[in-house]
1. Name the pairs: first residue in the range 131-153 and in contact (Cβ under 8 Å) with a residue 24 or more places away in the chain, second residue more than 13 Å from the ligand (Cβ to nearest atom) and among the charged types (D, E, K, R), Cβ to Cβ under 7 Å, at least 6 apart or on different chains?
2. Between VAL12, VAL50, VAL3, VAL57, which is in contact (Cβ under 8 Å) with a residue 60 or more places away in the chain and touching a strand residue (DSSP E or B) at 6+ places or on another chain (Cβ under 8 Å)?
3. Just to confirm my filter: which strands (runs of 3 or more DSSP E) fall fully inside the range 114-176 and include at least 1 residues that are among the hydrophobic types (A, V, I, L, M, F, W, C) and more than 12 Å from the ligand (Cβ to nearest atom)?
4. Looking only at the range 1-34, count every residue that is hydroxyl-bearing (Ser, Thr, Tyr), in contact with an Asp or Glu (Cβ under 7 Å, 6 or more places away or on another chain) and either surrounded by fewer than 20 Cβ atoms within 10 Å (Cβ to Cβ) or within 17 Å of PRO136 (Cβ to Cβ) (or both) and tell me the total.
5. Out of the residues in the range 83-113 that are in contact (Cβ under 8 Å) with a residue 60 or more places away in the chain and acidic (Asp, Glu), which is farthest from the ligand (Cβ to nearest atom)?
6. Please work out which residue is nearest to THR122 (Cα to Cα), limiting yourself to the range 3-19 and to residues that are among the small types (Gly, Ala, Ser) and in a loop (DSSP other than H, G, I, E, B).
Amino acid sequence: MSVPLDGRRIVVSAGPTYEDIDPVRFVGNRSSGKMGFAVAAAAARRGAEVVLVAGPVALATPAGARRVDVRSAAQMREAVFAALPADAYIGAAAVADYTPRHPSPDKVKKTGETLVLELVRTPDILAELGVHALRPRRLVGFAAETGDVARYAQDKLARKRLDMIAANRVGVAGQGFEGDDNALVVYWPGGERALGPAPKTELAERLLDLVFPD
Ligand code: CTP
C-alpha cells in the first residue's frame, strides 16, 4: 500500500534545460524528462498538489499536476522558487551547469576555422534550496554518473545538503536518460537502497515510498 499524499505540496523539476547561444542554437543535454514526469504523475495520483517545472520536452502533462514550462536554467530556478513553500522538492531535471556568457541576439555567422564559446556557471537550484529559508523538508536530488556512482552521489548528498539522492549510471545500454527503464541507487545519510532495473513509472513509485515512508 502506498502512502497517500493528500495535503502535501510537491515540486518536481524534469527534463533538460536549453541554454541559448543565438536565436537558432543552444547548449542542451539528452535528458528525456521521463523520470521526473513519472514522479510527478505518481505523486499526483497519491493526492499531492504537484507543481511540475518542465524543461523543453514533448511529454504529456500528468493528470492532476500543474505544469510550468521553462527553457533555461535561470527560468527553471525562477519557477522552482516561485512554487515554494513545498513539503518536498524532487530535482529530476538535468539542469545545465554552464550557459553561454554572451548569448547573441543575431545568428552567429561562421568566420574562422575554430569557434570558442565562453560558458559561465548557472545557479545550482538544488544547492540554493539546501540553504534557503523556505527549504522543503524533503530535498531530493538526482545524480547521473558514468562511473564511481556511490562516491560522487554521496558527495553531492553532503555538499548540497540533501535528504536523499537518486543516482543512476548513464552510458549503460537500456538505462539512463532516454529509455523507459532505469536503475537507481538511492542514498541518504546513513543508508542506501537499490531500485530496479524497472520501468521509470515503477521507480517513481518506489522513490516516493522512500521519500514519504509514512
Ligand atoms: N542541479 C540543479 N541546478 C543546477 C545543476 C544541477 O538544481 N544548476 C540539480 C539537478 O536537478 C540534480 C542534481 O543537481 O538533482 C545534479 O547534480 P549536479 O551537480 O548537476 O550533477 P552533475 O552535473 O552530474 O555534476 P558534476 O558535473 O559535478 O558531476
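1. PRO136/ASP87; ARG137/ASP87; ARG138/ASP87
2. Only one candidate passes the filter, namely VAL12.
3. Those strands (runs of 3 or more DSSP E) span 119-121.
4. Here the count works out to 1.
5. ASP106
6. Ranking the candidates gives GLY15 first.
Taken together, the values in this text are just the output of simple stated rules run on the coordinates, not laboratory data. Because the structure is predicted, anything quoted here is derived from the model rather than measured. Methodologically, a virtual Cβ is constructed for each residue, glycine included, from the backbone with ideal geometry; neighbour enumeration extends over all protein chains shown.
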